[in-house]
Amino acid sequence: MKKVLVLSALQLFFMAAGLQAQTIVPNPQSQSEKENKTDDVKVSDLQFISTNNPGLASDLKVFSEFMSKMGFPAIIQKESATHAIHLIKDDAYRDEEYRMLCKANQVVEIRGGKDGVFYGLMSMLQVIEQGQRQVALAVPQLHDFPAYSWRGMHLDVSRHFFPKEFVMKYIDLLAMHKMNTFHWHLTDDQGWRIEIKKYPKLTEIGSKRKESIVEKNFDPYIGDGMPVEGFYTQDDIREVVKYAQSRHVNIVPEIEMPGHAQAALSAYPEYSCTKNTFEPLTKWGVSNDVYCTDEATIHFLEDILDEVMALFPSKYIHIGGDEVPKDRWKVCPVCQQTMKTHHLKDENELQSYFVKQIDAYVTSKGRNIIGWDEILEGGLAQNAAVMSWRGEEGGIAAAKQKHNVVMTPGDYCYFDHCQGNKNNEPLSIGGYTPIQKVYSYQPTPAVLNADEKKYILGAQANVWTEYIATTDHVEYMAVPRLCALAEVLWSGDSKPGWTDFKNRLRIHFDYLDKFNVHYANSIFDVTAVRKIVDNKVVVTLETEYENGLIQYQMLGGDQPQLQLYKKDHPLVFKHSGKLRAEYYEGTKDSGHMLEEEILVHKALGKTITSTIEPSTYYNEGGLPKLADSKAGHAPRLSSEWLGWSGKNPEITIDLGDVSKLNNLDIYTLKEEMNWIYLPQQIDVSLSTDGINYKPLKSLTAKEIEEGYGVDNKLSIPLDNTKARYLKLALTCAPKIEKGKPGEGEEAWVFLSELAVN
Ligand code: TNX
């Protein structure tokens, strides 16, 4: 489609409105009226910036660096009683609190605590950016402070390595959104990324893997043959830590133990149970080879932690603790002996014993450990904080035990999940976590009482990088979901709601553009909402923003040419066809192209019954899904598919009237990797009265296999037979044969549409 140029209505609105309050992300706690109309400070009139506190020199420096990154003329550092920003550190303020006050003579005062002045400057940047674009914009008067103290983003640099320059850009993104914690996932099965002087092989060997798995080719495994390597020297780390400090970001380093350790064990196999030789994993998942629990291993890890603690001033040191297979420990004489000596009843308690030793060590150095919620199993170490990722349960349990908690539940905070229509999004681990969902997150569980709630420090999002190999892709996954999470954590209960946020975000995108951020454009995607009316499919096109245009095509329909969508004029599909639609705002920010097949047939919206209901796991929308005009795609990613296993369903469609039936298209799936097989037999019978059925077709496994083709479709001719009821008896595949994924389990049959014509 051709791009068209339009001035966004929002921009027009601001130009017309003149002096207008700005939008800031995350939204400030409160904006107050100025005492005097004369106190309106115009952004465009600000020329100078000054402070009499030398402690703020670093904040000023970062501010001017950001200004120049944005391509703005510098605001000159100079004492001035007019047209100036005055920075004042005030001990009466809480650390992260600030006020932006508009004074007479075109002076803005930013007054705040230890970190607050910096946050005021971060707000000021957004105000200035808008001031450059809009006429006579006024500086808002703000009182601002965060709701939560842990406002974090995580980055996995093990599965894929990202250079320190990118890590710094990532930290900038955090700081710009007043996030204060960067969780740096430095080690895992697939790569060790931090130099440890005492154990040089950790990086010599552990930071190199010979290749990576291609997409999701686990079975059979396919590798790409491309080596991946990289690590940060201690000098690099010191540089990044300093950089983060200047942006008021604390870095929490993570050294994974006792699991996710294969890269380390490749370098030092003596700390495994088997002492075998290993290589850093080339595929994703969890290695069964974990650290042994003997004393030598604990000392090895303490040595590593010594160097880590010397590099990172963080109060919290993350020691991993997630996903620890117990296979090796169960057969390791040393581990079993440890269990006997210390009266540990199972391997969970052994893990807990292991973590408790590390906890004691780190505590003795004046720091605290934080670990993934598995560290609760077998008993929580005395001073440990818990990062709750498998839902919120771990966090709730830890808070009840009076331990600090950081929430990062998968459903809201896993930014390795997809954020839009899966057909358009880059390859991802799966899941669906759109920005609206992130924005709706409430980090403090309602089940906790007031005292327990105090242990919820905040939340963070995790960017695991199994399927993310480039820095652009990291940015795409992180932003703009990061903006939503930042507001959840900063604004807390005063968060103004999705509509308000998305409108501010639209303006905020222009700010992000100044920093060359490769944010996801999924929020600009068109959604097609279908309604079935009199055997036709009526489609409304919806977008989050309405300032731009939607262009569409109905291929195979009545209007194949490119059209401009008019609101309140839904599209009517009388025949099956393909819909393409895209949203445009000016020359940029258009979303992805929507492409959907629309099936029009006699069974649309008709009553469908089945002797066996689909499995509760695969029954979203229920049986009506089989006649909703939407066919599912392979692989089974969408909720379009209904699934059966173990029992053979008999499905009946009541078409409402008797008519001549020409053809039945069954949309089904073959995906042996996921235990999904074609039906082994299909019997079709027809009836005019719903009582007496006449068998029409019986397809064997071979006929089904041969007839099944593109678009996951199997067509069965109905020979122009007159009927009102159609019955379909499906025979599921028997238990999965030996050597296939899921051997011995019941096979699945999946259906997404039954199109009768
Ligand atoms: C689980 S979250 C993991 C990571 C994976 C992630 C993928 C956690 C503590 N462990 O090792 O990368 O899932 O989403």
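Every number in this text was worked out from the coordinates using simple rules, so none of it is lab data. Quantities reported herein were computed from a predicted structural model and do not represent experimental measurements. Cβ placement follows ideal geometry from the backbone for every residue including glycine, while neighbour counts extend to all protein chains displayed.
Of the beta bridges in the range 158-494, as assigned by DSSP with both residues counted there, near 25 percent are antiparallel.
The magnitude of the dipole of the range 158-494, with charges of +1 and -1 set on the Cβ of Lys/Arg and Asp/Glu and taken from the Cα centre, is near 560 debye. With the charge dipole of the range 607-756 set up from +1 on Lys and Arg Cβ and -1 on Asp and Glu Cβ about the Cα centre, the Cα lying farthest toward the positive end among the listed residues 730, 655, 677 is that of 655. Applying the Karplus relation 6.51 cos²θ - 1.76 cosθ + 1.60 with θ = phi - 60° to the range 41-47 yields 3J(HN,Hα) values of 9, 7, 4, 5, 8, 6, 10 Hz, where x marks Gly and Pro. The long axis of helix 347-364 is offset from the longest Cα principal axis of the chain by roughly 20 degrees.
The phi torsions of the range 493-504, fed into the Karplus equation with coefficients 6.51, -1.76 and 1.60 and a -60° offset, translate into couplings of 5, 8, 3, x, x, 4, 4, 4, 4, 5, 5, 5 Hz, rounded to whole numbers, with Gly and Pro shown as x.
Here the 3J(HN,Hα) profile of the range 286-300, calculated from phi with Karplus coefficients 6.51, -1.76 and 1.60 at θ = phi - 60°, is 10, 7, 6, 8, 10, 5, 6, 9, 6, 4, 4, 5, 4, 5, 4 Hz, Gly and Pro shown as x.
Our summary gives the range 525-598 a relative contact order of 33 percent, counting only alpha carbon pairs under 8 angstrom and 6 or more residues apart. Proximity of backbone amide H atoms, modeled 1.01 Å from N, is registered between residue 137 and 43, 44 at under 5 Å, excluding neighbours fewer than 5 places apart on the same chain. To the nearest ten degrees, helix 116-133 and the longest principal axis of the Cα atoms of the chain are 60 degrees apart.
The amide H of residue 222, built 1.01 Å from its N in the peptide plane, has 214, 217 as neighbours under 5 Å, considering only residues 5 or more places off or on other chains. For the range 368-469, the number of Lys pairs with C-alpha atoms closer than 27 Å, counting only pairs eight or more positions apart or on separate chains, is 8. Taking the Cα atoms of the chain, the ratio Rg/Rh between the radius of gyration and the Kirkwood radius comes to 1.02.
Beta bridges assigned by DSSP with both partners in the range 3-144 are antiparallel in approximately 50 percent of cases. Extension gain for the segment residue 270 to residue 437, taken as residue separation times 0.36 nm less the Cα-Cα distance, is 55.6 nm to one decimal. Partners of residue 283 within straight-line reach, counting lysines whose Cα lies under 17 Å from its Cα and excluding those fewer than 8 residues away in the same chain: 208, 210, 216. If you count Lys pairs in the range 525-598 whose Cα atoms are under 22 Å apart, skipping same-chain pairs closer than 8 places in sequence, the total is 13. Identify all aspartates and glutamates with a Cα-Cα distance to residue 340 below 19 Å; exclude those on the same chain that are fewer than 8 residues away in sequence. Correct list for residue 340: 294, 295, 327, 349, 377.
Computed extension length for residue 660-residue 529: 44.1 nm, one decimal, from 0.36 nm per residue of separation with the Cα-Cα distance subtracted. Principal-axis analysis of the Cα atoms of the chain puts helix 164-176 at an angle of about 80° to the longest axis. Cβ-Cβ distance of residue 738 and residue 510, R₀ of 60 Å, FRET efficiency by 1/(1 + (r/R0)^6): the value works out to about 0.50. Each Lys and Arg contributes +1 and each Asp and Glu -1, all at the Cβ; summed about the Cα centre of the range 525-598, the dipole is approximately 320 debye. This model, with +1 at the C-beta of Lys and Arg and -1 at the C-beta of Asp and Glu, gives the chain a dipole about its Cα centre of some 1180 debye.
I'd like to know which of 497, 461, 486 lies farthest towards the positive end of the charge dipole of the range 443-527, counting +1 on Cβ of Lys and Arg and -1 on Cβ of Asp and Glu. Among 497, 461, 486, the one farthest towards the positive end of the dipole of the range 443-527 is 497. Spatially close Lys pairs in the range 607-756, defined by Cα atoms under 12 Å apart and a spacing of eight or more places or different chains, total 6. Working from label points 7 Å from Cα in the Cα-to-Cβ sense, the residue 549 to residue 279 distance is 5.5 nm. The stretch between residue 615 and residue 302 holds 107.8 nm of extra length on full extension. This uses 0.36 nm per residue minus the Cα-Cα distance.
Ranked by the mean number of other Cβ atoms within 10 Å of their residues, highest first, the peptides 101-107, 195-201, 90-96, 577-583 fall in the order 577-583, 101-107, 195-201, 90-96.
Look at the dipole of the chain built from charges on Cβ: of 145, 230, 449, the Cα furthest out on the positive end belongs to 145.
Taking the DSSP beta bridges with both ends in the chain, the antiparallel portion is around 65 percent. Every helix of 4 or more DSSP H residues in the chain counts as -39500 (n - 2.57), and over all residues that averages to -7500 deg cm²/dmol at 222 nm. A simple spin-label model places pseudo-atoms 7 Å from Cα toward Cβ; at residue 330 and residue 719 they are separated by 5.7 nm.
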